[in-house]
Amino acid sequence: MSYKTDLYGGRSLRALRANAPAHDRGHPMFHPAKGKGAERPPSSFQQSPQPCRTITGLKRHCREYGRAAAIEARWAAILLWLQHDASRSPSLANPLKVCRVSVGLAREADRWRFSFPNKSGQPFATPALHSLSPECRREARRVADETFTAWQRAGAPYLTADNLNIIQSYVWDCILSGAAISSTTHLQSKDKN
């Protein structure tokens with residue numbers, strides 16, 4: 001008897017490989033798991049890209065969510081600026097509280113409009129800005145735009161590589177977990193609202 005015969009119980013390695021599917025007897029260990037991870041698309045097994053340093057890099061790395069991610073990064077940076085440094089900025093034309101509310105409303109509306117992914121897998125709810133009168137909507141957008149301009153004049157603070165990477169990580173977490181919804185699904189949900 002040879003070493004192969006003793007080690008494999010009298011069978012050759014070729015015979016074991018050929019008969020392996022017949023011997024698993026339906027054991028769950030030999031079949032793909034069912035559950036949360038089973039529905040993931042093949043793209044979910046790709047690694048996330050390298051950290052980005054610019055808005056352009058963020059757009060490229062976040063693929064179909066690039067535009068939404070870039071807009072989200074800007075609004076997030078503006079809100080951080082309003083929270084920490086804007087009170088010292090002479091270029092702010094409106095009261096700080098009004099700016100915060102207007103920017104928050106604009107951010108929420110842009111998340112919905114540009115299909116920014118939501119970790120829950122559901123599209124964001126219809127923004128509060130849409131429930132306001134047309135006159136109030138225009139005023140809120142005007143204040144948000146003026147705040148955006150003031151933020152740019154201040155040198156676009158808080159739009160740092162670290163903050164861009166937070167947005168990128170969030171988007172990739174949504175993509176990899178399957179929570180990111182396609183834009184067609186999002187548009188269908190907009191039609192229902």
Exercise for the section: Pop a pseudo-label 7 angstrom from the Cα along the beta-carbon direction at both Ala156 and Glu64 and give the gap in nm to one decimal. Expected result: 2.7
Handout entry: Computed lengthening from Ser89 to Thr126, 0.36 nm per intervening residue step minus Cα-Cα distance
Key = 10.1 nm
Fill in the blank from the handout: The residues Cys62, Cys99, Cys136, sorted from fewest to most surrounding Cβ atoms within 10 Å, come out as Cys136, Cys99, Cys62
Fill in the blank from the handout: Whole-Å distance linking the alpha carbon centroid of region 60-101 with that of region 149-166 is 8
Problem - Ranked packing of 82-88, 142-148, most packed first, by mean Cβ within 10 Å - result: 142-148, 82-88
Practice task
Apply 1/(1 + (r/R0)^6) to the Cβ-Cβ distance of Thr149 and Ser177, taking R0 = 25 Å, and write down the FRET efficiency to the nearest 0.05.
Solution key: 0.10
Problem - Reciprocal mean inverse distance between Cα atoms of region 53-192 - Kirkwood radius, Å - result: 15.6
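Read the figures in this text as sums done on the coordinates, not as results from a lab. Everything numeric in this text was worked out from a predicted model, so none of it was measured. Positions of Cβ are backbone-derived with ideal geometry, glycine not excepted, and every protein chain shown enters the neighbour counts.
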